[in-house]
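The values are calculated or read from the model by the stated rules, or taken from the named source; none is laboratory data. These figures come from a predicted structure and were not determined experimentally. When we count neighbours, we look across all protein chains shown, and the Cβ atoms used for this are built from the backbone with ideal geometry, even at glycine.
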Amino acid sequence: MQTPLKFISTGNLRRLLEALGKDYQVYVPVKKGNQRFYKRYLEPCDDMAIAQVRPFEPLKAFFFSAREKVARGFEPEAPLRDNKPYCIVGVKACDLKGFKVQDYVFDDHDYQDPFYISKRKANLIISSDCSLALETCFCSALGLKPYPQADFDLNLSEVKKGFLVETGSHKGEGIIKENSSLFEEAEKELIAKRDENREQVAKEVEKNIKYNDIPDQKSFKDIIQKNYDSSIWKEEAKACVECGACNTVCPTCHCFLLYDQKDEDKMARLRIWDSCMIKDFARVAGGANPRHKLWMRLRNRFEKKFDFFPKVADIYACTGCGRCISACPAKIDIRRVLKALVANVK
Amino acid sequence: MSNNNPYRPIEAEVIEVITETPTIKTIRMRPKEEISFKTGQFIELSVPGVGEAPFTPSSKPKVKDMIEVTVMRVGKVTEKIHELKKGDIVGLRGPFGKGYPLDVFKDKEILVVGGGCGFAPLRSLMYSFFDLSGQFRKLFFRGGCKNPSEFLYRKEIESWQKRDDLNMALTVDKGGEGWKGNVGLVTTILGDIDMDYKEAIAVVCGPPIMMKFVTMKLLDMGFKEENIYLSMEKNMSCGIGKCGHCRIGTYYACKDGPVFTYAQIKSFQGIWD
């Protein structure tokens with residue numbers, strides 16, 4: 001998009017979000033304690049945290065629901081909910097990469113998933129630069145920057161008294177046109193300030209990577225195949241409690257369980273998020289289980305992200321968001337595992 | 001697929017339940033919308049409100065208004081399937097997967113090796129071969145079961161002995177019940193097959209351990225890895241490569257299989273588990 005950068009003041013951004021509320025369910029990140037969560041934007045709130053860093057919950061939850069009805073009896077129509085589409089504000093670069101994996105699974109594939117696609121197609125993504133990095137952030141090891149470069153409708157970069165606005169799609173361009181009175185031309189000094197901010201956060205991420213000695217994705221080729229029989233898996237799996245938290249918070253994990261239940265007089269088919277760390281994940285009714293040991297399931301999780309997805313979709317299914325590091329009660333640290341895998345290959 | 005919701009089952013009526021062995025039943029169903037499958041593709045059969053499970057139909061693909069699956073009672077869903085009676089309503093989804101590449105098999109010599117419950121998909125395949133009789137250079141069938149009472153479709157399969165387009169031999173691991181045929185594992189009746197192993201096609205379906213030993217034997221005999229077709233029994237759930245349960249290496253059994261050549265999957269671990 002060649003549209004010039006715009007500026008929107010904090011007050012006008014609120015007006016914009018209110019205006020978008022007519023057509024969209026608008027969600028913004030808010031800060032509670034040390035964590036950030038998405039919250040429905042209904043009126044101006046003090047805890048809004050549009051810039052900062054990725055929220056606790058992954059973006060996928062809006063489009064691939066944790067629990068969703070996917071069939072009702074033999075009715076031919078997909079039971080899609082007729083809600084307003086989502087407008088998610090403050091989406092970070094790591095979660096935009098998560099979209100690439102989810103889109104591959106649910107859309108750019110032999111079969112389309114009507115539930116994901118209907119929500120995804122109608123959505124409006126107003127992303128944002130990170131204005132800080134957490135200790136667990138390592139996105140640049142996965143080839144990302146802590147600011148969105150593509151795959152958004154509009155992107156916000158926090159500057160003094162407002163945000164610089166970059167247009168990333170025709171949809172985003174339309175939003176600016178429809179609300180043109182809320183936007184101003186971006187001053188050159190602000191653009192320079194934005195670039196300075198970006199560099200500052202990128203440096204923080206680089207510092208994390210250096211401190212934790214995290215390998216770059218360029219060294220990930222074949223790390224799974226070459227470490228298939230390594231003791232790393234058994235070592236790392238020792239502390240795992242099979243809670244599945246790593247799967248739940250991961251922006252790229254997409255596995256689900258289908259189950260049927262009686263819904264009044266009809267059958268209802270539901271799907272819920274599933275976890276490949278749980279013992280019966282791949283078990284068949286006859287009893288065979290290709291991954292009956294916990295360490296095999298841990299290896300499988302890494303194989304899926306660092307071997308399967310690069311081979312089938314040319315993408316490492318990790319965004320460096322660090323959510324699994326903070327979610328794991330056993331302190332299994334993906335940075336440490338990657339480091340060990342790469343070191344073992346060298 | 002007759003609708004745009006891949007998770008929605010088509011209504012089907014149970015028209016007959018046939019007890020094959022103490023643990024295996026064949027369910028004959030009439031779908032209310034046409035389900036057209038290629039031999040080797042699978043369907044998801046659901047008992048309303050209970051759940052669904054994957055089965056490869058054992059019936060003739062060219063019959064459009066009736067579909068049969070042969071089901072061993074092993075888990076929650078199959079237990080409910082065994083309780084089904086004529087007139088009950090079930091759900092069907094599919095077909096899924098790639099099926100057997102019959103066009104690749106044409107003008108070739110073909111060996112079909114079945115074990116136990118593996119006879120179910122193979123019966124459908126044999127029907128397809130019989131329909132295309134004359135288009136294959138030779139056709140061999142070698143089948144084995146634990147004991148004579150576990151022999152699926154026994155009368156029907158024994159009647160295939162009369163066919164002059166088929167060379168057939170059967171065996172049981174353990175004799176008895178008036179069994180006059182061979183006793184021993186199915187690998188023991190693969191020795192006397194008159195075919196050009198290097199060019200021939202082998203189709204193997206049965207319990208994982210049986211497929212493993214048959215594959216090793218076939219490779220010893222000189223079959224090429226890319227000519228050995230195996231049925232991978234994995235936890236196929238969504239059927240469309242999204243739920244993640246049935247992944248084998250870079251494939252999903254549900255959309256890329258469940259029939260794979262040994263060459264496709266030999267480098268992946270756990271294929272026999």
Any chance A:Ser140 is surrounded by 19 or more Cβ atoms within 10 Å (Cβ to Cβ) and over 30 Å from A:Cys255 (Cβ atoms): no
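Every residue, every condition in (1) of a type outside the set (Lys, Arg); (2) more than 24 Å from the chain's Cα centre (by Cα), yes or no:
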{"residue": "A:Gln261", "(1), (2)": "yes, yes"}
{"residue": "A:Gly286", "(1), (2)": "yes, yes"}
{"residue": "A:Asn289", "(1), (2)": "yes, yes"}
{"residue": "A:Trp295", "(1), (2)": "yes, yes"}
{"residue": "A:Ala313", "(1), (2)": "yes, no"}
{"residue": "A:Cys318", "(1), (2)": "yes, no"}
{"residue": "A:Ser326", "(1), (2)": "yes, no"}
{"residue": "A:Ala330", "(1), (2)": "yes, no"}
{"residue": "A:Lys346", "(1), (2)": "no, yes"}
Within the stretch A:76-104, considering residues that are touching a residue at least 24 places away in the same chain (Cβ under 8 Å) and over 14 Å from the mean Cα position of the chain (by Cα), the one farthest from the other protein chains (Cβ to nearest Cβ): A:Cys87
Selection status of B:Gly91, part of a loop (DSSP other than H, G, I, E, B), within 12 Å of another protein chain (Cβ to nearest Cβ), of a type outside the set (Asp, Glu) and closer than 16 Å to B:Glu13 by Cα: no
Qualifying residue in the stretch A:171-191 (condition: in contact (Cβ under 8 Å) with a residue 40 or more places away in the chain, in the same structural domain as A:Lys22 (by TED's automatic domain parsing), touching a strand residue (DSSP E or B) at 6+ places or on another chain (Cβ under 6 Å) and farther than 20 Å from A:Thr10 by Cβ): yes
Hey, B:Gly99 more than 9 Å from chain A (Cβ to nearest Cβ), crowded, with 20+ Cβ neighbours inside 10 Å and either at pLDDT below 95 or touching a Ser or Thr at 6+ places or on another chain (Cβ under 9 Å) (or both) or not: yes
Evaluation of B:Thr21 against (1) at pLDDT 95 or above; (2) farther than 18 Å from A:Pro76 by Cβ (one fails), failing number: (1)
Near pairs, Cβ below 8 angstrom, 6+ apart or cross-chain, from the stretch B:244-273 (under 13 Å from A:Lys304 (Cβ atoms) and facing another protein chain (nearest Cβ under 8 Å)) to any residue that is surrounded by fewer than 21 Cβ atoms within 10 Å (Cβ to Cβ) and among the basic types (Lys, Arg): B:Gly244/A:Lys304; B:Arg247/A:Lys304; B:Thr250/A:Lys311
Odd one out for B:Ala12, checked against (1) within 14 Å of chain A (Cβ to nearest Cβ); (2) of a type in the set (A, V, I, L, M); (3) surrounded by fewer than 24 Cβ atoms within 10 Å (Cβ to Cβ); (4) in contact with a Lys or Arg (Cβ under 7 Å, 6 or more places away or on another chain): (3)
Looking only at the stretch B:118-145, and only at residues there that are touching a Leu at 6+ places or on another chain (Cβ under 7 Å), in a helix (DSSP H, G or I) and among the hydrophobic types (A, V, I, L, M, F, W, C), the one that is nearest to B:Arg163 (Cα to Cα): B:Phe129
The one condition in (1) more than 21 Å from B:His245 (Cβ to Cβ); (2) of a type in the set (A, V, I, L, M, F, W, C); (3) touching a strand residue (DSSP E or B) at 6+ places or on another chain (Cβ under 8 Å); (4) more than 14 Å from chain A (Cβ to nearest Cβ) that B:Ile24 fails to fulfil: (4)
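Here is a yes/no grid of residues against (1) modelled with pLDDT of 95 or more; (2) within 13 Å of chain B (Cβ to nearest Cβ); (3) surrounded by 22 or more Cβ atoms within 10 Å (Cβ to Cβ):
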residue: A:Asp222; (1), (2), (3): no, yes, no
residue: A:Lys234; (1), (2), (3): yes, no, no
residue: A:Cys253; (1), (2), (3): yes, yes, yes
residue: A:Gln261; (1), (2), (3): no, yes, no
residue: A:Ala268; (1), (2), (3): no, yes, no
residue: A:Gly287; (1), (2), (3): no, yes, no
residue: A:His292; (1), (2), (3): no, yes, no
Boolean, A:Ser140 is away from every other protein chain (no Cβ under 14 Å) and out of contact with any Leu (no Cβ under 8 Å at 6 or more places or on another chain): yes
Candidate set: the stretch B:209-222, residues that are within 14 Å of another protein chain (Cβ to nearest Cβ) and surrounded by 20 or more Cβ atoms within 10 Å (Cβ to Cβ); chosen: the one nearest to B:Phe37 (Cα to Cα): B:Met211
The stretch B:27-61, residues that are touching a residue at least 40 places away in the same chain (Cβ under 8 Å), in contact with a helix residue (DSSP H, G or I) (Cβ under 6 Å, 6 or more places away or on another chain) and within 14 Å of another protein chain (Cβ to nearest Cβ): B:Val47, B:Thr56
Candidate set: the stretch B:61-81, residues that are in contact with a Ser or Thr (Cβ under 9 Å, 6 or more places away or on another chain) and surrounded by fewer than 18 Cβ atoms within 10 Å (Cβ to Cβ); chosen: the one nearest to B:Met126 (Cα to Cα): B:Lys62
B:Lys64 more than 14 Å from chain A (Cβ to nearest Cβ) and either within 14 Å of the chain's Cα centre (by Cα) or part of a strand (DSSP E or B) (or both): no
Condition check for B:Glu225: in contact with a Ser or Thr (Cβ under 8 Å, 6 or more places away or on another chain), away from every other protein chain (no Cβ under 14 Å) and acidic (Asp, Glu): yes
Residue that is farthest from the other protein chains (Cβ to nearest Cβ), among those in the stretch B:68-88 that are closer than 20 Å to B:Pro207 by Cβ and of a type outside the set (A, V, I, L, M): B:Thr70
